[in-house]
Amino acid sequence: MSENVAGKVTLEKLVSLCQRRGFIFPSSDIYGGLSGCWDYGPVGAELKRNVKAAWWRSIVQERDDIVGMDTSILMNSKVWEASGHVTNFSDPLVECKNCHLRWKADDLTENKCPSCGGELTEERLFNTMFKTFIGPVEEDAAVVYLRPETAQGMFVNFQNALNTTRKRLPFGIAQQGKAFRNEITTGNFIFRSREFEIMEFEYFVKPGTDEKWFDYWVEERLNWYVKLGINKEHLKLNQHPEEKLAHYARSCTDVTYLFPHGWAELEGIANRTDFDLKQHSAASGKSMEYFDDETKEHYVPYIVEPSAGVDRAVLAFLCDAYDEEPDKDEIRVVFHFHPDLAPIKVAVLPLSRKENLAVFAKDVYTTLRPCFITQYDDTQSIGRRYRRQDELGTPYCVTIDFQSLEDNMATIRERDSMNQIRVPVSALKNTLLAKLSGEDLFVLPEGGKIWKEEKKES
Ligand code: ATP
């Protein structure tokens, strides 16, 4: 099964399809782009929103113990001093004495410049936080940083969130938002960028229960990707050995995915102990203690943090959904997205542009549009339109033909099997809702019938 990822989909194919169909474009494209920055197009923006919505639903909406927040990107610089980012958030760099290109020391296998073979300087630390200034004067006192992660906004709001929601431990705060890192080397499409999005949460627990919760979250987070359609064989847990743990972490496990460039981190789950709350408590002078009114104890909670990259998740969902299938003399390219993630849920396709058919089809379109992201397409042959929707990963196409004018029925064509059913127009909305929630295509509404059953090769 790993053939899908390792064999069929290459980054070149994906980048080109994403650009052609409006998923993802280089940022500032007309000016030649900006390295490490990307723009999500009309279809990509929907896909990304759906990934974030599925995460929010499982972490915030469907749980009693986690609340959402949306904290600011710019924060008081003391936050980044207390967190250790000002001193520690850096990469060791070397520079070529000949061509002056800079390289991340960790990436080099030989002690010479990969570009020109020149001699390299000693390693120097380079802070990867973007710096800017508040106000008109560019002075040290006005320095602020673009956040390189969203976690600090949640640590410093621990008491605010707890007091206003009257929750008890274990309790979590979740958020999604932009993060910025002045990465030395970017690449592999949206895998490593300088501006990206994170979805992460801080789960505050009683010390001593932290390892249990850590194991629980590793399992939950791995399953989240599987439930949304990623092949289990393309996911692997990577436990960090003790000697490689960050100074604050007691344990850390990555969920890794078999990207076209190899196994790489999708999400990191860390047991951060009480490090963050203690640092902020010491630096701000504010208590970060929790009072347990059952045991009458005061303590600083431990934190388990599952931190996922939105863009890396989008890339993994794109790679795993991509398929090329033989179709007569051609190849059908299709994204088999989970219905919750599919950018466009339904396409309405009138068989011809003749006026009476167009009026009928537009009517169907306006009925469906409030319920689903729906596309209306009346260009080119029906076969080509199906192929286009396959490349967008649209789970269902609704075809309106001349017979529809007489029997008031429409055809629903399923993306994955290419099978078709015929249902009364009055039952379309509910039928599509049921199918998008997982009902088998051949479960028919009253008056419905099987229209076409594809005998698929292989
Ligand atoms: P890496 O080792 O790949 O640089 P990291 O361990 O520094 O990642 P974290 O600090 O744990 O990453 O960030 C949380 C998540 O944010 C990562 O699991 C990843 O999905 C995502 N992420 C981190 N850096 C980037 C980036 N430059 N571009 C896109 N996503 C990123």
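The values are calculated or read from the model by the stated rules, or taken from the named source; none is laboratory data. As the structure is a computational prediction, the values presented were derived from the model and not from experiment. Cβ: placed from backbone, ideal geometry, glycine included. Neighbour counts: every protein chain shown. Side chains included, ligands, DNA and RNA excluded: accessible areas come from the protein's heavy atoms. Shrake-Rupley method; radii C 1.70, N 1.55, O 1.52, S 1.80 Å.
Between region 243-317 and region 395-448, what is the C-alpha centre distance in whole Å? Each part's Cα centre sits 46 Å from the other's.
Helix-only estimate, please: 222 nm mean residue ellipticity of the chain, summing -39500 (n - 2.57) across DSSP H runs of length 4 or more and dividing by its residues, to the nearest 500. If you can, show how the numbers build up before the last one.
Details: 13 runs with 129 residues, N = 458.
After summing the helix terms and dividing by the residues of the chain, the value is -8000 deg cm²/dmol.
3J(HN,Hα) couplings calculated from phi for region 177-185 with the Karplus curve 6.51 cos²θ - 1.76 cosθ + 1.60 (θ = phi - 60°) are, in sequence order, x, 5, 9, 10, 9, 7, 4, 6, 10 Hz; Gly and Pro show x. Inter-part distance, region 190-236 to region 67-87, computed on C-alpha centroids, equals 22 Å. Sequentially through region 416-428, phi angles give Karplus couplings (6.51, -1.76, 1.60; θ = phi - 60°) of 6, 8, 6, 6, 10, 10, 10, 10, x, 4, 5, 9, 4 Hz, Gly and Pro residues having no value and appearing as x.
Show me the trypsin sites (Lys or Arg not before Pro) within region 366-458 that DSSP assigns to loop and that have at most 11 other Cβ atoms within 10 Å of their Cβ.
On the way: sites: Arg384, Arg385, Arg387, Arg388, Arg413, Arg415, Arg422, Lys429, Lys435, Lys449, Lys452, Lys455, Lys456; in loops: Arg415, Lys455, Lys456.
Passing both the DSSP loop test and the Cβ count: Lys455.
Remark: relative contact order (region 254-293) = 24 percent; criterion is Cα-Cα distance under 8 angstrom and separation of 6 or more residues.
Partners of Lys362 within straight-line reach, counting lysines whose Cα lies under 18 Å from its Cα and excluding those fewer than 8 residues away in the same chain: Lys345, Lys354, Lys429. Couplings for region 228-234, taken from phi via the Karplus curve 6.51 cos²θ - 1.76 cosθ + 1.60 with θ = phi - 60°, read 8, x, 7, 4, 3, 5, 9 Hz in order; Gly and Pro are left as x.
Looking at region 18-117, which GluC sites (Glu not before Pro) are DSSP coil and have at most 15 other C-beta atoms within 10 Å of their C-beta? Kindly include the intermediate steps, with their values, before the conclusion.
Working: sites: Glu46, Glu62, Glu81, Glu95, Glu110; in loops: Glu62, Glu110.
Counting only loop positions with at most 15 other Cβ atoms within 10 Å, the GluC sites (Glu not before Pro) in region 18-117 are Glu62, Glu110.
Within the accessible area of region 42-175, the carbon and sulfur atoms contribute 47%, probe 1.4 Å, all protein chains present.
When the alpha carbon gyration tensor of the chain is reduced to an equivalent ellipsoid, its three semi-axes come out at 46, 29, 20 angstrom, largest first.
For region 301-371, the spread of Cα coordinates along the three principal axes comes to 66, 39, 14 Å, biggest extent given first. When you restrict to C-alpha pairs under 8 Å that are six or more residues apart and normalise by the size of the chain, the relative contact order lands at 13 percent. A cut-off of 5 Å between modelled amide H atoms, ignoring neighbours fewer than 5 places along the same chain, links Tyr322 with His336.
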